[in-house]
């Protein structure tokens, strides 16, 4: 009885949104007449494959508007689908729903005794994911795209300071901060130029454990923009720690890096710049300079340590090298 009263107050658009959400969250449809479905086989002409589509058992089952609206609801990553989930709620209710989602996520992960910083980051990413509208910013290029697997070219002297290069740098900084990343290279936004940006704020220090901050020598530093960077190793001493990358989402692995490096290049205005880095900053610089040579961290990782973020607390397999300074 409660279900009938509830569904009777929802608009047709709202019902469709509920049906989509229930389809994702449960293998069984909700107990309501408008959610009952039957399978209809659509046989196209010529040699096209047979498509199987779900239609509701109503008089308007073959309404073309319904077909158009539901054609892509199974696409998990499309922005249209993401917006469709909560579009019918309105702006105020949508905000409330997002807050509830974040609170539920916080309760769920803390009950599993996960690290609070990771939970905070997950909630921030979820909030950004749902609330972000249309943007002119480029997307992060993912592993497999040729631009990530071939060397980038240098920025020519005549290009430095041009509107095009300034736009590339501005986009890189915005994308890096939007993705909650600590560094980014131009190839990661699809631009095959030797430009890197990096920044490590006090917020990241606060979100990291004291153990990681001490072991990996993590210290905050202001935004650095380096064009045509050249990396020189200052010490043969190395360290083995976990790394991740926004171009290889959801995974991490241990990579051996030099502890002290020197990077020279040009700043955003074409002036010479030199960075003497150690510890965490040295690792970030090596990671980004590798990107400029078409190398991802997975090309250098200790293969048996490769794992998802969700398994970050699991012990290493027997025989794997241990983290720390070598």
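The values are calculated or read from the model by the stated rules, or taken from the named source; none is laboratory data. Predicted, not measured: the structure shown is a model, and the values here were computed from it. FYI the Cβ positions are ideal-geometry reconstructions off the backbone, even for glycines, and counts take in every protein chain you see.
Per-structure values
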{"read-out": "Matching residues in segment 149-185 - criterion: being closer than 14 Å to residue 139 by Cβ and either assigned to a helix (DSSP H, G or I) or out of contact with any helix residue (DSSP H, G or I) (no Cβ under 7 Å at 6 or more places or on another chain) (or both)", "value": "171, 172, 174, 175, 176, 178, 179, 181"}
{"read-out": "Residues of segment 207-230 that turn out to be farther than 21 Å from residue 326 by Cα and either surrounded by 14 or more Cβ atoms within 10 Å (Cβ to Cβ) or in contact with a helix residue (DSSP H, G or I) (Cβ under 8 Å, 6 or more places away or on another chain) (or both), as a count", "value": "12"}
{"read-out": "Per-region count, segment 289-315, residues touching a residue at least 12 places away in the same chain (Cβ under 8 Å) and in contact with a helix residue (DSSP H, G or I) (Cβ under 9 Å, 6 or more places away or on another chain)", "value": "9"}
{"read-out": "Residue check, residue 310 modelled with pLDDT under 95 and within 20 Å of residue 179 (Cα to Cα)", "value": "yes"}
{"read-out": "Per-region count, segment 281-314, residues in a helix (DSSP H, G or I) and over 25 Å from residue 325 (Cβ atoms)", "value": "2"}
{"read-out": "Single condition residue 259 does not satisfy, out of (1) within 27 Å of the chain's Cα centre (by Cα); (2) modelled with pLDDT of 95 or more", "value": "(1)"}
{"read-out": "Subset of segment 186-205 [in contact with a helix residue (DSSP H, G or I) (Cβ under 8 Å, 6 or more places away or on another chain) and in a helix (DSSP H, G or I)]", "value": "186, 187, 188, 189, 205"}
{"read-out": "Residue pairs meeting the criteria (Cβ under 8 Å; at least 6 apart or on separate chains; first on the phi > 0 side of the Ramachandran plot, in segment 141-168; second in a helix (DSSP H, G or I) and surrounded by 13 or more Cβ atoms within 10 Å (Cβ to Cβ))", "value": "none"}
